[in-house]
Amino acid sequence: MGVLANLEPKSVFYFFEEITKIPHGSGNVGQISDYLAKFAEERGLFCIQDEWKNIIMVKEAAPGYEEEPTVILQGHMDMVAVKKPDCDIDMRTEGLKVLVQGDEISAEGTSLGGDDGIAVAYALALLDAETIKHPRLEVIITVDEEVGMDGARGIDLSMLKGSRMINLDSEEEGIFLTSCAGGARVKCLLPVKAGERKGCAAEILVGGLRGGHSGGEIQKEGGNSNCLFGRLLYRLSREMPVGICEISGGLADNAIPRETKGVLLTEEKDRERFQEIVRTVEAQIQGELATKDPGFFIRMTERETGTYRCTEPEDTKRAAAFLTSLPGGVQAMSADIPGLVETSLNMGILKWEGDSLLAEFSVRSSVESAKYALIDKMCAVTEMAGGSNVVSGDYPGWKYRKDSPLRKKMVALYEKMYGKSPRVEAIHAGLECGILGSKIKDLDCVAMGPDMSGIHTTEETLSISSAARVWDYLVRLLEEKEG
């Protein structure tokens, strides 16, 4: 019996647990896509599995609902696959170990993938049901949403009949999303020379940070371990020759990194000053983050004195200046919507590979020109430092639709079911609605979902009761006829 077998609604949590058994991190979606295609085949549903591994499934209208407007249900099959340092699960080949604690589902030592596994589970439960009344359902489940929305970009939707879409990639019950920011991924590559040098090596761990989704939590202004490592490196390289032997931080461009590890080399005569600077910088940042991100620390472990392959000190200094010069975090707040971030960027990945230092960013903005201006600034800083940039995964924002029959129906039903109005909002995080809207004529779209917390982190949870309420609402929405 599954861990979630006793939870209601049984069909939703059955399929959710089945999904967690299949590795489905971004870029590793072959098995989950095949599972979905087989699901459709076994039930005789129309199904397309395209070259990207996107899935489109169609279930015809229930009797009496043939004249109702077709409804598109949309989510993505990939998850941000992250794990704790001491977790021995191979997330490319193994499933997750789901846990139930009170009203929350989580995963032992890893992210849960509620973003967006719950959307897939809702869709499968609806397609599998025999008694739920509904109009024609067109289900779109895309790949690699978390790494640039490549699936949405490549998918062909010309065969669809619907123009009303419910996106199920949201993490707060009672909030209907109606627009979102656009974004892009920017890789900054800085060439660095390396050679053999003798000295004192120290392993540096910048950690203890909250992390989180760079679209939903960047306004909290917590620490970014990659940026803070760069700050420490700059302080050190200004006062003494320093070599970078190793550096690695973050796992995804759109997840705020919680820890960055590096091995730095310095001369014997500078050992004490090196340690003093590390302690000083730690204390300064702890003071700055005392309220915003109180768990911050810098841990230093000395290694044996010896000969190491590392960057040349002048290149280290240039790399440190480069990292310190790059912008980070919230760049502008919306002038139209109080409390909404307009433009931001997140250095989600930092590593030294080959002969280059790589800093990978997620850039977001609800103003297209501001997005490109920020990318230009990043490129200018990189070029001045002697590096190069690669911009990819550029996607448009999702514009608010003033006249939305779908939104009107959803709000009215919510008020009838719960005796209060839902919040109708815009978000800074990116959704696929903008890209899909360019492929579906006159798309009328609303995004919704159950309560989740800590998405893209190992503390990710999904509320059981909220998932059940959202399911009940979704079923009622499909059953309610027009007029």
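The values are calculated or read from the model by the stated rules, or taken from the named source; none is laboratory data. These figures come from a predicted structure and were not determined experimentally. Please note: Cβ atoms are built from the backbone with ideal geometry, for glycine as well, and neighbour counts cover all protein chains shown. Keep in mind that these areas ignore ligands, DNA and RNA; they rest on the heavy atoms of the full protein, side chains included. Shrake-Rupley method; radii C 1.70, N 1.55, O 1.52, S 1.80 Å.
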Problem - Per residue accessible area in Å² of the range 1-114, where ligands, DNA and RNA are left out and the probe is 1.4 Å - result: 48
Problem - FRET efficiency estimate (nearest 0.05) - Cβ-Cβ, R423 to R273, R0 56 angstrom - result: 0.55
Practice task
List the GluC sites (Glu not before Pro) within the range 53-130 that fall in a DSSP loop (any state other than H, G, I, E or B) and whose Cβ has at most 16 other Cβ atoms within 10 Å.
Solution key: E60, E66, E67, E94, E108, E130
Problem - Probe 1.4 Å - accessible area at R273, Å² to nearest ten - result: 80
Exercise for the section: Using a 1.4 angstrom probe, figure out how much accessible area the range 202-305 has per residue, in square angstrom, rounded to the nearest whole. Expected result: 43
Practice task
Starting from the Cα of K133, draw a straight line to each of the lysines and keep only those under 23 Å, dropping any in the same chain fewer than 8 residues away.
Solution key: K10, K59, K161, K408, K409, K416, K481
Handout entry: (1) 86, 49, 38; (2) 196, 71, 34; (3) 84, 50, 43, with the label sought being that of the calculated Cα extents along the principal axes in Å
Key = (3)
Exercise for the section: On the protein heavy atoms, probe 1.4 angstrom, tell me the percent of accessible surface of the chain carried by carbon and sulfur. Expected result: 48
Problem - Theoretical gain in end-to-end length, V100 to E246 [0.36 nm per residue, Cα-Cα removed] - result: 48.7 nm
Exercise for the section: For the range 402-483, count all C-alpha to C-alpha pairs, find those more than 14 Å apart, and express that count as a whole percent of the total. Expected result: 73
Exercise for the section: Report the calculated FRET efficiency for T93 and K38 (r = Cβ-Cβ distance, R0 = 22 Å), to the nearest 0.05. Expected result: 0.70
Practice task
Describe numerically, in nm with one decimal, the distance between label points set 7 Å from Cα along Cα→Cβ at I48 and at N6.
Solution key: 4.4
Handout entry: Pairwise FRET efficiency - E479 versus S356, Cβ, R0 = 45 Å, nearest 0.05
Key = 0.20
Problem - Cut-off 11 Å between beta-carbons: net charge of the residues surrounding P135, Lys and Arg +1, Asp and Glu -1 - result: -2
Problem - At most 10 other Cβ within 10 Å, DSSP loop - GluC sites (Glu not before Pro), the range 327-425 - result: none
